[in-house]
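The values are calculated or read from the model by the stated rules, or taken from the named source; none is laboratory data. Note that this is a predicted model, so its numbers are computed, not measured. Reconstructed Cβ throughout: ideal geometry from the backbone, glycine too, with neighbour counts over all protein chains shown. Protein only, heavy atoms only, side chains kept; ligands, DNA and RNA dropped before computing areas. Shrake-Rupley method; radii C 1.70, N 1.55, O 1.52, S 1.80 Å.
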There are 2 protein chains.
Amino acid sequence: MNIDMIEAARERIGNNVRCTPFLNSPAFDKLASRRVWVKAECLQYTNSFKIRGAWSAVSALAPNRRKSGVIGHSSGNHGQALSFTARAFDIPALVIMPSDAPTLKIDKTREFGAEVILYDRDLDDREELGSKIAQERGMTLIKPFDDNHVIAGQGTTGLEIAEQAAEHGITDADVLVCCGGGGLLAGLALAFEAHAPTLRTRPVEPHDFNDVQRSLLSRKIESNTQKSGSICDAILTPCPGQLTWPIIQRLCGSGLVVSDREALQAIVLGNEYFRFIAEPGGAVSLAAALFRRDQIHSDDVICVVTGGNIDNQLFQKAMDQFGAKT
Amino acid sequence: MNIDMIEAARERIGNNVRCTPFLNSPAFDKLASRRVWVKAECLQYTNSFKIRGAWSAVSALAPNRRKSGVIGHSSGNHGQALSFTARAFDIPALVIMPSDAPTLKIDKTREFGAEVILYDRDLDDREELGSKIAQERGMTLIKPFDDNHVIAGQGTTGLEIAEQAAEHGITDADVLVCCGGGGLLAGLALAFEAHAPTLRTRPVEPHDFNDVQRSLLSRKIESNTQKSGSICDAILTPCPGQLTWPIIQRLCGSGLVVSDREALQAIVLGNEYFRFIAEPGGAVSLAAALFRRDQIHSDDVICVVTGGNIDNQLFQKAMDQFGAKT
């Protein structure tokens, strides 16, 4: 896994993924007491960065193998991305999703054309289930993060950030990354190592799901004890991946942790200051910039807002709780 | 007023205005039965395109005159833009706003630093009030649309659209523009005349406030009988401007009209498909693409979503009425 694979993924992906905007807001800067830049992947196709990894992996398959279809397990963003990509390539897709995934994510994965199978997050092993069905149907399993082509695809976000940061004269910054299994984190870290070595990737996780933070501290793979229990559904992964971990350990700065409540507040402030919609697991980076200021030391901070697939009801609840009453 | 003034405005503005994203969504295309591209000025600084005209006009003032400050009358977006720009230039600003303007707009105009004076939309003449206070205080009045530097600033949106359309291989399209006094419409039309002659600007207005549509039909300036009564507060202007009208008449295609209800639906669909927040007066272009399909004849349509300054309460009302119940 290296920078050449990321550059190659960018070539294969071409215009099928959007170069998302790099937003800032002087008023938000005041709130956060430093300059905050947002890489708004919630404005990406399928409303999350996951389309990058899915497109990279599907486009890398040999056509003969690809035509049998792809299968993925996903809390919903990788699933939508895979479903969307499979339709574009005109191949079948099957997505295994937890039964407690947001309705919007299940609906949209189906709308894009994939077959959806639900599993119980606490009882079933999705990895096992995925491998089993892949074998039965002769489809190729595209894992959500522990796949070099997926990591390479996510890394294309880093190529864009490196260019956008340079355009804005940002020479030194912490890059806060919402982190599940670490596919995006690892891809960004490799991209910055090659193109923007003064940008430091740091994982942000929800309370009780800070396996990557703890792994960085103990210098070995740590796992979460819980499998569910946070609204940040997109990033509730048990532990860093076998492929992502060595990259993360070598290149990433220390982790940050925020609460579900802080993630909801960040969604509301993201809406009010930037006019975009983020989902909880996509807003923890923004929450860290707002609520963990003492753990950030750079004048500029870049938050990757990784997704925007939130159910209307939860969004409304967040607005009721934290939004301006106007 | 010509293309050179628009190019000069772009030079003066530099990076102080954001090149906003040019979004599309395959799922939204299906809904609208054609390819829809959104120029998302709701993601602009101050959350509307008005910052372009304000920055253009303020930066064009002689420094000696500028330091006495600027004054503007505005339903809120021009006011915020002027307030934001004045703070950046470290000069005083005063904004005259209708008392029924959205609370968010009044609050944000004040937050950016301007003094705000409220007037009654039905009883007072804002033009007269503006001129009077400008004279008393020795401040320069920056009109919201009937000012060549303002039109030139808004025209910079057109330079970006011309480039973004070319990047996406769009060779022929109707460009739907939310229209009040026609400053943006006129600026876009001039930019396209010079750089993208196959893009046709067409105004979109709310029911009962279709002065520009009617003016284009009768080939002379027509006025609205009502002054209030639509939620599309940003574009309830009595008639096209003296400076904007000749440009509009010479270059623009026929107008389109949508209802307040359709504008609210467009806000909800803009949120659900693109994950941005538009305000009613900023969403009529998107509403026209959805609900006036038979009046559009190009395969590609470009909607300028001009602003996102909507009160939370109205947004929530729209979501309750038209949003998915998930």
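Structure above, values below:
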item	result
Residue-averaged beta-carbon neighbours from other chains (10 angstrom radius) around A:135-143	0
3J(HN,Hα) from dihedral phi, segment B:74-91, Karplus parametrisation 6.51/-1.76/1.60, rounded to Hz, x for glycine, proline	6, 6, x, 7, 4, x, 4, 4, 5, 4, 4, 5, 4, 4, 4, 8, 6, 10
Average other protein chain Cβ within 10 Å of Cβ, residues B:47-55	1
Separation between Cα centres of segment A:1-68 and segment B:28-75, rounded to whole Å	28
Those residues of segment A:291-326 for which accessible area with every protein chain present is at least 50 Å² below the isolated value (1.4 Å probe)	A:N312, A:Q316, A:T326
Rotation relating A and B, chain B residue nearest the axis via C-beta, angstrom	B:P21, 2
Pairs of alpha carbons in segment A:121-180 whose separation is greater than 17 Å (percent)	60
Other-chain or far-sequence residues with amide H under 5 Å of A:T140's (modelled H)	A:G69, A:V70, A:I71
Peptide ranges A:70-78, B:217-225, A:201-209, B:195-203 listed from the most packed, as the mean C-beta count within 10 angstrom indicates	A:70-78, A:201-209, B:195-203, B:217-225
Loss of accessible area when A meets B, both sides summed, Å² nearest 100, probe 1.4 Å	2900
For segment B:149-155, 3J(HN,Hα) per residue [Karplus equation, 6.51 cos²θ - 1.76 cosθ + 1.60, θ = phi - 60°, Hz, x = Gly/Pro]	5, 5, 4, 4, x, 4, x
Net dipole in debye of segment B:134-259 [+1 Lys, Arg Cβ; -1 Asp, Glu Cβ; about Cα centre; nearest 20]	400
Surface per residue (accessible, 1.4 Å probe) for segment A:89-226, Å²	40
Peptides A:84-91, A:170-177 ordered by average Cβ neighbours within 10 Å, highest first	A:170-177, A:84-91
Mean shadow area of the protein assembly as shown, taken as a quarter of the surface of its Cα convex hull (nm²)	26.8
Pseudo-label separations to other copies for A:A166 - Cα-to-Cβ vector, 7 Å, nm	2.3
Entries of A:K67/A:K143; B:K108/B:K325; A:K227/A:K317; A:K317/B:K105; A:K67/A:K132; A:K105/A:K143 with Cα pairs more than 21 Å apart	B:K108/B:K325; A:K227/A:K317; A:K317/B:K105
For B:E11, inter-copy label distances in nm, listed shortest first [label point 7 Å out on the Cα-Cβ vector]	4.1
Whole-Hz ³J(HN,Hα) from phi, Karplus 6.51 cos²θ - 1.76 cosθ + 1.60, for segment A:316-326, glycine and proline x	4, 4, 4, 5, 4, 6, 10, x, 4, 8, 9
Distance from segment A:84-122 to segment A:294-317 (C-alpha centre basis), Å	24
Cβ-placed point charges (K, R +1; D, E -1), dipole of segment A:43-201 about Cα centre in debye, nearest 20	540
Mean Cβ neighbour count within 10 Å, used as a protection proxy, ranking A:275-284, A:244-253 highest first	A:275-284, A:244-253
Inter-chain Cβ neighbour average for residues A:19-26, partner chain, 10 Å	4
Amide H contacts under 5 Å for B:L118, placed H, 5+ residues apart	B:M97
Contact order normalised by residue count of chain A, Cα under 8 Å, 6+ apart, percent	21
Helix axis angle, A:183-195 relative to chain A longest principal axis, alpha carbon, degrees	60
For B:K30, label point 7 Å along C-beta direction: distances to other copies, nm	4.4
Cα-centred dipole magnitude for the protein assembly as shown, charges only on beta-carbon of K, R (+1) and D, E (-1), debye, nearest 20	400
Protein accessible area in the protein assembly as shown, 1.4 Å probe - carbon and sulfur %	48
